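Worksheet: the structure to be examined is printed underneath.
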Amino acid sequence: MSHILSWIIFIPLLGVPILFFLPREKGKWVALVATIIDFIVAIPLFLEYDKSLKGVTKLSEFQFIEQFQWIPSLGVDYLLGVDGISISMILLTLIIGVVAVLASWNINKYERGYFSMFLLLQSAMLGVFMALDLILFYLFWEVMLFPMYFLIGVWGGPRRVYAAIKFFLYTLLGSIGMLLAILGMWYFAPGDSTFNMIEMLQRVQAGGTFNGPLIFGMEFVKVIFIALFIGFAIKVPIFPFHTWLPDAHVEAPTAISVILAGVLLKMGTYGFLRLNFPLFPETFEWFRDFLVALAVINIIYGALCALAQRDLKKMVAYSSISHMGFVLLGLAAATPQGVNGAVLQMFNHGTITAMLFLLVGVIYDRAHHRNIDGFGGIASVTPVYATITSIAYMAAIGLPGLSGFISELLILTGSFKVYQVPTILSGLGIIFGAGYMLYAYQRIFFGPVNEKYKDLLEINRVELFSVVPLVIIVVFLGIFPNTLIEFFEVSLNHYSSIFVK
């Protein structure tokens with residue numbers, strides 16, 4: 001299919017003008033149809049993708065390339081393409097997009113505005129995972145801030161404005177450093193100046209380096225690496241850049257929390273894989289031990305914070321910080337098992353955490369609070385909801401047979417080869433994770449029935465339609481993980497061969 005990547009990016013945007021020609025209560029249907037059509041259009045992308053890369057194991061090998069000159073005077077191209085890493089993130093984004101529309105079904109405030117911002121956000125996220133020109137990548141990255149700011153600031157909770165501004169300022173701060181780094185990479189690129197990521201990767205693989213002047217007494221490549229790293233670290237988020245995340249999650253509507261945890265956090269680690277590590281392999285080696293330390297801090301600190309929470313949504317938010325620490329650990333280990341487990345964890349965490357936030361939204365819509373200690377015994381009142389929630393909690397813990405187990409196992413086995421002590425310490429995160437998940441589940445669903453909730457409504461059909469597909473994916477990938485791994489295994493094995501001797 002010609003220009004399939006452009007169609008996938010811009011189909012959600014085509015729904016925006018349609019929203020304003022229909023009654024406002026039809027907005028959710030427009031968004032649902034747009035995201036479903038987008039998913040259907042993308043099916044050939046996954047079916048026709050050459051998982052073997054035709055035997056060429058290079059990080060610069062991309063498929064479905066679309067390219068034309070955009071700003072010739074600056075050398076900026078409209079350049080799109082996918083590899084195994086990005087195609088898995090595109091699949092995740094398309095799935096979460098449909099799920100998030102269903103989670104937005106009860107939105108009745110400024111519906112046209114909400115779904116316009118939603119569809120713009122969907123297009124921007126997809127563009128980030130396909131862009132192979134640095135300026136185009138940065139453009140999609142920045143466009144994403146605009147709808148997210150309004151989705152939190154207008155449709156969020158009581159402290160929505162504070163949370164939206166905090167999210168915006170944190171991300172904008174990182175983006176400024178990214179832009180300066182991109183300009184430095186263009187000017188001091190190996191060979192001729194270029195924004196083309198494919199050309200940069202090819203030149204670096206051929207032995208080229210970014211030779212710039214000393215900045216504040218530090219090598220140019222290290223400054224560029226750190227500037228990019230901070231921009232992506234804020235998005236992950238990595239300690240100590242994490243403080244915007246709990247506020248954003250607590251105040252965001254359920255569907256936006258699903259997108260935030262399911263897709264947006266993965267953009268940070270995707271940025272590491274696309275720019276930081278392959279373009280600056282020597283600097284990565286210099287930074288590697290520090291990244292491992294940050295990963296361990298994320299894992300343990302996030303888990304301890306989750307254990308201390310009384311707000312159910314905030315507990316899930318801190319659990320995301322902990323689980324993204326495992327992704328960092330796998331990337332830093334840079335072994336075949338580690339990096340494959342990291343990308344698999346990016347996908348698995350997206351689906352599992354989306355489930356958790358959807359289920360938090362279900363109970364909040366009925367009880368109008370998220371206090372873990374304010375429930376009790378509701379398993380006997382809402383058995384279907386309790387059953388589905390138990391699956392989500394077990395997946396988050398990493399129960400064998402569910403997808404979270406496979407990715408964490410790969411990460412731990414891969415990282416143990418090169419970082420034994422940090423890997424052992426990271427195991428505490430799994431223990432603490434079981435603690436806060438099971439403790440929360442026990443207080444909410446077991447024990448005497450809280451009289452206030454003896455007539456609590458069971459999960460409804462729309463809510464089931466949003467969460468059941470994620471349950472199926474989590475179970476399926478827990479049994480057949482190679483279905484997804486085979487998309488990115490070839491390129492990631494080459495990635496790991498650069499660093500592990």
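The values are calculated or read from the model by the stated rules, or taken from the named source; none is laboratory data. Note that this is a predicted model, so its numbers are computed, not measured. Using ideal geometry, Cβ is built from the backbone for each residue, glycine included, and neighbour counts are taken over all protein chains shown.
Of a type in the set (Gly, Ala, Ser), under 21 Å from PHE347 (Cβ atoms), modelled with pLDDT under 90 and under 23 Å from the mean Cα position of the chain (by Cα): does that describe GLY127? Here the answer is no, as GLY127 does not meet what is asked. Counting residues in segment 461-480 that are outside any helix (DSSP H, G or I) and in contact with a helix residue (DSSP H, G or I) (Cβ under 8 Å, 6 or more places away or on another chain) gives zero.
I'd like the full set of residues that are assigned to a helix (DSSP H, G or I) and more than 16 Å from GLN442 (Cβ to Cβ), limited to segment 360-382. Once the filter is applied, which keeps residues that are assigned to a helix (DSSP H, G or I) and more than 16 Å from GLN442 (Cβ to Cβ), segment 360-382 yields VAL360, GLY361, VAL362, TYR364, ASP365, ARG366, ALA367. VAL490 meets each of the listed conditions (1) of a type in the set (A, V, I, L, M); (2) in a helix (DSSP H, G or I); (3) touching a Phe, Trp or Tyr at 6+ places or on another chain (Cβ under 8 Å) apart from (3).
PHE290 meets all of the listed conditions (1) closer than 21 Å to GLY231 by Cα; (2) surrounded by fewer than 24 Cβ atoms within 10 Å (Cβ to Cβ); (3) among the hydrophobic types (A, V, I, L, M, F, W, C); (4) touching a residue at least 12 places away in the same chain (Cβ under 8 Å) but one, namely (4). Across segment 86-112, the number of residues qualifying as modelled with pLDDT under 90 and surrounded by fewer than 22 Cβ atoms within 10 Å (Cβ to Cβ) comes to 8. Of the helices (runs of 4 or more DSSP H) lying entirely inside segment 233-347, those carrying at least 3 residues that are closer than 21 Å to ILE430 by Cα are 265-271, 281-307, 312-333. Residues that are farther than 15 Å from GLY325 by Cβ and without any contact (Cβ under 8 Å) to a residue 60 or more places away in the chain within segment 412-442 comprise PHE416, GLN420, VAL421, ALA434, LEU438, TYR441, GLN442, listed in sequence order.
I'd like the full set of residues that are under 23 Å from the mean Cα position of the chain (by Cα) and in contact (Cβ under 8 Å) with a residue 24 or more places away in the chain, limited to segment 16-43. Selection gives ALA31, LEU32, ALA34, THR35, ILE36, ILE37, ASP38, PHE39, VAL41, ALA42.
Just a yes or no: is a residue in segment 330-342 within 16 Å of THR254 (Cβ to Cβ), under 24 Å from the mean Cα position of the chain (by Cα) and either surrounded by fewer than 24 Cβ atoms within 10 Å (Cβ to Cβ) or among the aliphatic types (A, V, I, L, M) (or both)? No, segment 330-342 contains no residue that is within 16 Å of THR254 (Cβ to Cβ), under 24 Å from the mean Cα position of the chain (by Cα) and either surrounded by fewer than 24 Cβ atoms within 10 Å (Cβ to Cβ) or among the aliphatic types (A, V, I, L, M) (or both). Looking at segment 287-300, can you tell me whether even one residue there is in contact with a His (Cβ under 8 Å, 6 or more places away or on another chain) and charged (D, E, K, R)? No - not one qualifying residue is present in segment 287-300. Within segment 239-259, the set of residues being buried (at least 24 other Cβ atoms within 10 Å of the Cβ) and aliphatic (A, V, I, L, M) comprises LEU245, ALA248, ALA252, ALA255, ILE256, VAL258, ILE259.
Residue pairs whose Cβ atoms lie under 8 Å apart, separated by 6 or more positions or on different chains, with the first residue in segment 59-80 and over 15 Å from LEU134 (Cα atoms) and free of Cβ contacts under 8 Å to residues at least 40 places away in the same chain and the second outside any strand (DSSP E or B) and hydroxyl-bearing (Ser, Thr, Tyr), are GLN63/TYR49.
Only residues that are farther than 14 Å from ALA248 by Cβ, of a type in the set (S, T, N, Q) and either under 24 Å from the mean Cα position of the chain (by Cα) or surrounded by fewer than 19 Cβ atoms within 10 Å (Cβ to Cβ) (or both) were counted in segment 142-195, giving 2. Considered as a group, the residues in segment 27-48 that are of a type in the set (Phe, Trp, Tyr) and closer than 12 Å to LEU91 by Cα include one that is surrounded by the most Cβ atoms within 10 Å (Cβ to Cβ), and that residue is PHE39.
Does any residue of segment 368-378 turn out to be more than 28 Å from ILE256 (Cβ to Cβ) and surrounded by fewer than 24 Cβ atoms within 10 Å (Cβ to Cβ)? Before you say what the answer is, go through the steps one by one.
Our first condition is that a residue be more than 28 Å from ILE256 (Cβ to Cβ); within segment 368-378, this holds for 376-377.
If we keep only those that are surrounded by fewer than 24 Cβ atoms within 10 Å (Cβ to Cβ) too, we end up with 376-377.
Yes: one or more hits.
Residue-level analysis places GLU66 outside the set of residues that are over 23 Å from ALA261 (Cα atoms), out of contact with any His (no Cβ under 9 Å at 6 or more places or on another chain), modelled with pLDDT of 85 or more and of a type in the set (D, E, K, R).
The listed residues are VAL468, VAL462, and the only one of them that is over 30 Å from GLY325 (Cβ atoms), in contact (Cβ under 8 Å) with a residue 24 or more places away in the chain and β-branched (Val, Ile, Thr) turns out to be VAL462.
Of all the listed residues (LYS222, LYS235), the sole one being basic (Lys, Arg) and more than 12 Å from the chain's Cα centre (by Cα) is LYS222.
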